[in-house]
1. Filter the GluC sites (Glu not before Pro) in segment 26-89 down to the DSSP loop ones having no more than 16 other Cβ atoms within 10 Å, then list what survives.
2. Please label the shape of the chain as rounded, prolate or oblate, based on the square roots a ≥ b ≥ c of the eigenvalues of the alpha-carbon gyration tensor (a/c under 1.5 means rounded; beyond that, a/b larger than b/c means prolate, else oblate).
3. Please list, by residue number, every one of the GluC sites (Glu not before Pro) in segment 104-176 that is coil in DSSP and has at most 12 other beta-carbon atoms within 10 Å.
4. Determine the gain in length on full extension of the stretch Arg189-Gln146; use 0.36 nm per residue of separation and subtract their C-alpha separation, reporting nm with one decimal.
5. Which one of Trp125, Leu247, Pro103 has its Cα pushed farthest toward the positive end of the charge dipole of the chain, where Lys and Arg give +1 and Asp and Glu give -1 at the Cβ?
6. From the phi of every residue in segment 163-175, what ³J(HN,Hα) in whole Hz does the Karplus formula 6.51 cos²θ - 1.76 cosθ + 1.60 yield, where θ is phi - 60° and glycine or proline is x?
7. Suppose we look only past 24 Å in the calculated P(r) of segment 125-247. What percent of the Cα-Cα pairs does that tail hold?
8. Answer rounded, prolate or oblate for segment 1-72, using the Cα gyration tensor with square roots of eigenvalues a ≥ b ≥ c: rounded when a/c is under 1.5, else prolate when a/b is larger than b/c, else oblate.
Amino acid sequence: MSKVKHQNISYSSGISIAATAINSFYFHGIDYNAFLSSGFSKLIPLLSKPNEYTVLHHYLRDFSNISEEVDVMYKNIDDLSELFDFIKRVLKEVELSPNLNQPNYDECEDEFHRDCNCYPVLKQWMDYVNENSKLIDESLTHAAFQVVFLDRKFLHDFHYEISKKIKKNAIDMDKDDKINFTQKNGFKRCHFPVWMKKAVFYRDKGCCVSCRRDLTGYFNVSGTYHVDHIIPLKLYGNNDPSNFQILCDTCNTQKGARTTVTNNVSVPFWNLELEEYSKTE
Ligand SMILES: [Zn+2]
Ligand SMILES: [Zn+2]
């Protein structure tokens, strides 16, 4: 069995992208997103079966734009040494180390570093970011996915919006797209690849998301589990990896094919009795 490679994940930048993407979703909906509004036919193959580059990656990719971020900072901050620090931090996070000189801010008397010798050096770093922007953006999208994928409540709401889009468009779609659909215009059931089942099981920490029963088989011998569509196929849900969760036998039977229940309960690193900390002194 092949091993999942350990990778450097740029959490700091990824979390910031995740936050922007989630806020945008709740403020503007999914049609505001360039990819999701780019046409229904593009979505169909993506949602028909589990792909490693999920629909959520496509959504998040729209918010990963390092060139734009650098440009906005360049135009809005006074002291350009802050921009250099930002670029250096992001490049380090994505494991890029350009062979470039560093601006000598300590020895420079210009407080903003716009009209001094520092600027041409910084410009080289900015150019480097632009030349590598695709790679940086993909790396940050990958990082943002790691955190958003944990948020089942968001995944539920996100896929519910997609299901509305599917329902609306399913009736008058092309013949080619129809092959992925059942007669009732929902996506066909598909094979679940092992990598995806493992990822969802790991994300849900081996517990039924509904009743919290342990399904690892470690504490509970009858630990069989089901990979469940958060938004069921019958309700125009899809087969993207971000639309799955794990349920025990009982909860899976109870949920049936027509409800969209999920649960944001998870296992924290440790517990906190929040009331104790919120008491005013
Ligand atoms: Zn300077
Ligand atoms: Zn259960």
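1. Glu52
2. Note, shape of the chain comes out prolate.
3. Listed in order of number, the matching sites are Glu109, Glu111.
4. Working: separation 43, 0.36 × 43 = 15.48 nm, distance 2.57 nm.
Net length gain for the segment: 12.9 nm.
5. Farthest towards the positive pole: Leu247.
6. Along segment 163-175, the couplings run 4, 5, 5, 4, 4, 5, 8, 4, 5, 10, 9, 5, 4 Hz.
7. 44
8. oblate
Throughout, read-outs are computed from the coordinates displayed, never taken from laboratory work. It should be emphasised that the depicted structure is a prediction, and the values quoted were computed from it without experimental measurement. All Cβ positions, even for glycine, are placed from backbone atoms using ideal geometry, and neighbour counts span all protein chains on display.
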